[in-house]
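A.B. asks: Take this structure, written in structure tokens, and hold onto it; I'll ask about it next.
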Amino acid sequence: MTAWTQTSRTSSPRLSAPQWEALLILRRKPGVNLTRLADEVGATPPAVSRLCDRLEAAGLLRREPGRTSRREIELVLTPAGNELIDALLARRCARFGEVLSRMPSAERTGLLNGLLAFSRAAQLTETDQAEG
């Protein structure tokens with residue numbers, strides 16, 4: 001089991017990977033509608049609607065009337081949803097810190113250089129796509 005997965009399995013309530021993904025998307029894009037969330041998650045709107053039903057029942061998100069259209073429903077995190085994400089991210093940072101502390105300094109430097117190169121390559125790809 002990966003360090004990333006371990007940290008999400010210790011949460012309460014226990015959430016599936018798609019539920020975590022939905023919460024993290026809502027954190028980055030508050031107020032998205034169900035169709036856009038379904039696109040982001042890569043699932044059908046009915047499946048994401050059921051996923052949101054469970055998250056809403058757990059008190060982690062709520063549905064609100066749209067700001068621009070009353071026919072549209074926006075999805076927003078509740079304070080409990082934000083607190084759960086904060087706790088998860090703190091556990092993940094701590095876990096990664098533990099792993100990194102066990103790596104020799106030279107290997108941490110190599111990892112950093114590799115991640116920086118990866119980031120630059122990803123930005124080039126995004127720029128190419130935006131221009132194309």
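A.B. asks: Tell me the residue from VAL32, VAL48, VAL41 that is more than 15 Å from ILE73 (Cβ to Cβ) and hydrophobic (A, V, I, L, M, F, W, C), please.
C.D. replies: Working: VAL32 fails: more than 15 Å from ILE73 (Cβ to Cβ); VAL48 fails: more than 15 Å from ILE73 (Cβ to Cβ).
On inspection, the qualifying residue turns out to be VAL41.
A.B. asks: Against the condition in contact with a strand residue (DSSP E or B) (Cβ under 6 Å, 6 or more places away or on another chain), open to solvent by 70 Å² or more (accessible area, probe 1.4 Å) and outside any loop (DSSP other than H, G, I, E, B), how does ARG54 come out, does it pass?
C.D. replies: Numbers: in contact with a strand residue (DSSP E or B) (Cβ under 6 Å, 6 or more places away or on another chain): no; open to solvent by 70 Å² or more (accessible area, probe 1.4 Å): yes; outside any loop (DSSP other than H, G, I, E, B): yes.
Answer is no for this residue.
A.B. asks: Working carefully through the options ALA47, ALA22, find the one that is assigned to a helix (DSSP H, G or I) and without any contact (Cβ under 8 Å) to a residue 24 or more places away in the chain.
C.D. replies: Details: ALA22 fails: without any contact (Cβ under 8 Å) to a residue 24 or more places away in the chain.
So the residue among ALA47, ALA22 that is assigned to a helix (DSSP H, G or I) and without any contact (Cβ under 8 Å) to a residue 24 or more places away in the chain is ALA47.
A.B. asks: Then there is this: Among the residues of the stretch 58-82, count how many are at pLDDT below 95, out of contact with any helix residue (DSSP H, G or I) (no Cβ under 8 Å at 6 or more places or on another chain), open to solvent by 20 Å² or more (accessible area, probe 1.4 Å) and not in a loop (DSSP other than H, G, I, E, B).
C.D. replies: 2
The values are calculated or read from the model by the stated rules, or taken from the named source; none is laboratory data. What you are looking at is a predicted structure, and each value in this text was computed from that prediction instead of being measured. When we count neighbours, we look across all protein chains shown, and the Cβ atoms used for this are built from the backbone with ideal geometry, even at glycine. Surface areas here come from the heavy atoms of the whole protein model, side chains and all, with no ligands, DNA or RNA. Shrake-Rupley method; radii C 1.70, N 1.55, O 1.52, S 1.80 Å.
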